[in-house]
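All of the numbers you see were taken from the coordinates with simple rules; none came from a lab. Quick caveat, the model's predicted, so the values are computed rather than measured. Note that each Cβ is placed from the backbone with ideal geometry, even for glycine, and that neighbours are counted across all protein chains shown.
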Amino acid sequence: MSYRIFNFNPGPAALPLVVLEQVKQEMLDFQGSGMSILEISHRSKSFEDVLDDAMARTRRLLGLDETYKVLFLQGGASLQFLMAPMNLSLPGKPVDYTNTGSWATRAIKEAKGLGKDVRVVASSEDKEFTYIPEVPVDQDAAYLHLTSNNTIRGTQWHKFPATGNVPIVCDMSSDILSRRFDPHRFGLIYAGAQKNLGPSGVTMVIIREDMLERVPKDLPTMLRYTTYADNKSLYNTPPCFAVYVCDLVLKWIEETVGGLDAIEKINDQKARLLYEYLDSQSFYRGTARADSRSRMNVTFRLPDPELEKKFISKASAAGLGGLKGHRSVGGCRASIYNAVTLEAVKALVDFMKDFAAKEGGI
Ligand SMILES: Cc1ncc(COP(=O)(O)O)c(C=O)c1O
């Protein structure tokens, strides 16, 4: 497998090799059907089994009780920026948002565009979104919106705020299934699959049943959470192939890695390795405040943009891909999602040491 690079792409991102191999192996004949998964009916028993399995595995991995529904939608996390306020706001109540980066800013924009009473109750914009702010929780809010991991700025909520009766609505696109957390404070969790969960084209939505009671009946059919919940995500044709790959990734987390605690432990090790190296020298500089650092996206700068360009290009030539920071902020970013191995992170740290030595760093 020497042709496979160490992939630090931010999303779509690395997938477990065993998953890709199974996809390849089953591509022409899915489980003895004589057809590929791309060619079978979404109403067939074979596909329903895939869907059921993906839902059951998500439930087990996250420890969700029967009050939660696991749904598979299309439209990316970006459609959820709109659907969440459309479905879950309550008449006469404000919706509270935290602004911790570009994706949170987009979520706020969509809610405001709908004319909702949006309050930005906490923000880290004053310091270029390099930290996670304190949040004052007001029991009057219909919900509190968080972005659990800020993919672009490399920050992450390490602890979720205690919100009392206010449900948390959370964009977990870039850290879902990467660590253990108590799901019961969450009324809605959504995540585009293409970072930790599978390919692009499918969005996982986890919704608590009481939230479904809020859904206005006059919303267009495809924009109502109830449409997906009442029809087991089969109201219309779902993105079958993407759901199938997600199911394989979920199976990999559960059976090969050993569950959420096991994957969290590896993710911790990977992040620690990188951050400890960053803290041990002065050539590279981590951009997120130490107490807010993401275990999924490690953002850093070099002494100047020219060196950053050279670093990214030399790294790519050495088989370490996807290290360019987001175009809106520049710099470098190593996305070390679930499927990125410890071996890949070790290779990156070794490369960083070498590069620094050659370019006059310590
Ligand atoms: C935290 C977060 N939210 C939302 C998005 C947008 O997701 P999508 O492209 O699935 O709409 C991204 C994409 O990178 C993201 O990282």
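Remarks
- Amide H to amide H distances under 5 Å link His145 with Asp96, Tyr97, Thr98, Val169, where only residues 5 or more positions off or on other chains count and H is placed in the peptide plane.
- In this structure the amide hydrogen of Phe186, modeled in the peptide plane, comes within under 5 Å of the amide hydrogens of Ile168, none closer than 5 places in sequence on its chain.
- Taking θ as phi - 60° and the Karplus parameters 6.51, -1.76 and 1.60, the scalar couplings of region 50-56 work out to 4, 4, 4, 5, 4, 5, 5 Hz in sequence order, x denoting glycine and proline.
- Taking 20 Å as the straight-line reach from the Cα of Lys358, the aspartates and glutamates in range (excluding those fewer than 8 positions away in the same chain) are Asp279, Asp304, Glu306, Glu308, Asp350.
- In this structure, Arg4 and Leu114 have a Cβ-Cβ separation that, at R0 = 45 Å, corresponds to a calculated FRET efficiency of about 0.55.
- Hull-based mean projected area of the chain, where the convex hull spans the alpha carbons, in square nanometres: 18.1
- Kirkwood Rh in Å, taken over all unlike Cα pairs in region 259-358: 13.8
- One chain, two ends: Asp65 and Arg285. Fully extended at 0.36 nm per residue, the span grows by 75.0 nm beyond their Cα-Cα distance.
- Sequence-distant aspartates and glutamates (8 or more away, or on other chains) whose Cα lies within less than 14 Å of Lys309: Glu359
- Selected from Ala104, Ala54, Ala162 as most flexible by GNM, with the chain as the system and alpha-carbon contacts under 10 Å: Ala162
- Highest-fluctuation residue, Tyr337, Tyr235, Tyr225 considered, GNM on the chain with Cα pairs under 10 Å: Tyr235
- Counted charge near Phe181, where neighbours are those whose Cβ lies closer than 11 Å (Asp, Glu -1; Lys, Arg +1): +1
- Neighbours of Val137 by Cβ distance under 15 Å: Lys/Arg scored +1, Asp/Glu scored -1, total 0.
- Using the Cβ-Cβ distance between Tyr235 and Gln22 with R0 set to 30 Å, the FRET efficiency works out to roughly 0.60.
- Prolate/oblate/rounded call for region 182-301, Cα gyration tensor, a/c under 1.5 rounded: prolate
- For region 182-221: rounded, prolate or oblate by the Cα gyration tensor [a/c cutoff 1.5]: oblate
- Approximate spin-label separation Arg106-Ala317, in nm, with each point projected 7 Å along Cα-to-Cβ: 3.4
- Principal semi-axes of the equivalent ellipsoid, √(5λ) from the alpha carbon gyration tensor of region 42-181, are 28, 18, 15 Å from largest down.
- Note on Lys116: aspartates and glutamates with a C-alpha under 20 Å away, same-chain residues under 8 apart excluded, are Asp96, Asp138, Asp140, Asp171, Glu213, Asp218.
- Highest-MSF residue in the chain out of Ser233, Ser123, Ser46 [GNM, Cα springs under 10 Å]: Ser46
- Unsatisfied cross-links (Cα-Cα over 20 Å) in the set Lys109/Lys324; Lys69/Lys270; Lys24/Lys251: Lys109/Lys324; Lys69/Lys270
- Charge context of His326, other residues only, Cβ under 9 angstrom, K/R +1, D/E -1: +4
- In Hz, Karplus ³J(HN,Hα) per residue of region 182-189 (6.51, -1.76, 1.60; θ = phi - 60°; x = Gly, Pro): 7, x, 6, 7, 9, x, 8, 10
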